[in-house]
Amino acid sequence: MAFLPPPAVAVVGGRGPHAIATRRPAVARRGPTAPSAPTASATAAGSASGDGGGGGVDDDGGDGDGGVGALSPRGTSRPLAKPRVSLSPDLHDRLLAAVARVPPGPTVLTASKLASSILDAYLAPVEEAYYGRPRVTAVPGPLPAATRRIDAVLFDMDGVLCDSEQLSRDAAVRLFADHYGTTVRAADFEAFTGTGEAAFLTGVAELYGVPDWDAEVAKARFFDVYLHRGYVARLTPFRGVAGLVGRLRELGLSIAVASSADAVKVTANLDAIGLGTAAFDATTSGEEVVRKKPDPAVFFKAAEKVGATPSRCVVVEDAVAGVVAAKAAGMRCVGVSTSMPAAALTEAGADVVRGEVAEVSLQDLFGGDLVWGDGQDGKDARTAGEVATAGEGSGSGEEDGGENA
């Protein structure tokens, strides 16, 4: 059975970030063992690797260590615009074998073109999720206030930024066993997720009829267990958290934490996952408001701290109580189903639900495409994809040249 390139991507020459050198057919050759230093490199699809020798394909007919990422405009001495990509000899040979099995066509298929088509087919959906559009090579800078739909992103903490919901439930189970002689289940706490430690613990205490219950005493004991019995030490951030926070910074948006948890837990959790409170423009804890989620007070407080109008804020939440609070505040809400079923978050009013933060795109947060430019009369407004490709047709007219290669 013949190996064919991914059907959704054309393996032809072009310009721009995905341009392919097409001056001459590929020439397969076997060269001497390359050094292991990073400078031993190959084309984006496959010259000789720097990790132990092997053959190379020089799509551009050069000396074997140039390629798609290494091309400079002809007649210039400018340094190479892009780093070249090294491939292992085995992967390089697999590409050559695949090319050999492709039926002849109107264009010459090289290993470079085949590798580019495979990478493009893989990266496009990843970029779609990451940026909201494929083929975006970088966030083009802060979004102008005139064209953006939101000014601030408010993150819940437990179950959104860090995988702390289950650890909190486990710590609470131990609290009830050690201090109240009561055996409870971690699942008992699910209905009270996102409501703050006092309600979280009191709800289960009432289920089991724990006598002489004092919520403040119980909360202090819970924090002692959670912080000093190894629970917070096992905390990890969810995939994509640091990346999303960084992208929002690049876009010029305000970012804040709005949690029903007490400040001591907010600080400990953020420190444990390597972000710290300094990564955010503001943090708001449950102690700062009288009414906890599902009341919207904590979100109003967070918006006030960053100077944003509630209607221009978006909330990222994992709990039904938080989703209800966000919608009551008049804010867009993106749910992540790390702690509760997606259907429950949708029913509560979430505008969109993803599996975790790593799956949340900028389009999810904004509720549509991101637009750069002044937005006046629509003439200068450009989407992320248009910004990324704006320079493709404005080069010097060279077949392969320019810094876009």
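A few points about this structure:
- Interchain or long-range residues, amide H under 5 Å from Asp318's placed H: Val336
- Efficiency of FRET from Cβ geometry, Thr236 and Ala177, R₀ 25 Å, rounded to 0.05: 0.50
- Taking amide hydrogens as placed 1.01 Å from N in the peptide plane, the amide H of Cys162 sits under 5 Å from those of Phe238, each at least 5 positions away in sequence or on another chain.
- If you wrap the tightest convex hull around every Cα atom of the stretch 165-234 and split its volume per residue, you get 74 Å³.
- R0 of 51 Å, Cβ-Cβ distance Asp188-Ala121: FRET efficiency to nearest 0.05: 0.65
- Label-point gap, in nm, between Thr107 and His228 - each point 7 angstrom along Cα→Cβ: 6.8 nm
- Across the stretch 173-183, computed HN-Hα scalar couplings (Karplus, 6.51 cos²θ - 1.76 cosθ + 1.60, θ = phi - 60°) run 4, 5, 4, 5, 6, 6, 9, 10, x, 10, 8 Hz from first to last residue, x flagging Gly and Pro.
- Segment Arg291-Val352, extension gain: residue separation times 0.36 nm, minus the distance between their alpha carbons: 19.4 nm
- Taking amide hydrogens as placed 1.01 Å from N in the peptide plane, the amide H of Thr283 sits under 5 Å from those of Val257, each at least 5 positions away in sequence or on another chain.
- Note, ³J(HN,Hα) from phi for the stretch 276-292, Karplus 6.51, -1.76, 1.60, rounded to Hz, x at Gly and Pro: x, 5, 5, 6, 10, 6, 7, 10, 10, 10, x, 5, 8, 10, 6, 9, 8
- Overall form of the stretch 282-337 per C-alpha gyration tensor (a/c, 1.5; a/b vs b/c): oblate
Read the figures in this text as sums done on the coordinates, not as results from a lab. Note that the structure is a prediction, hence the values are computed from the model and not measured. When we count neighbours, we look across all protein chains shown, and the Cβ atoms used for this are built from the backbone with ideal geometry, even at glycine.
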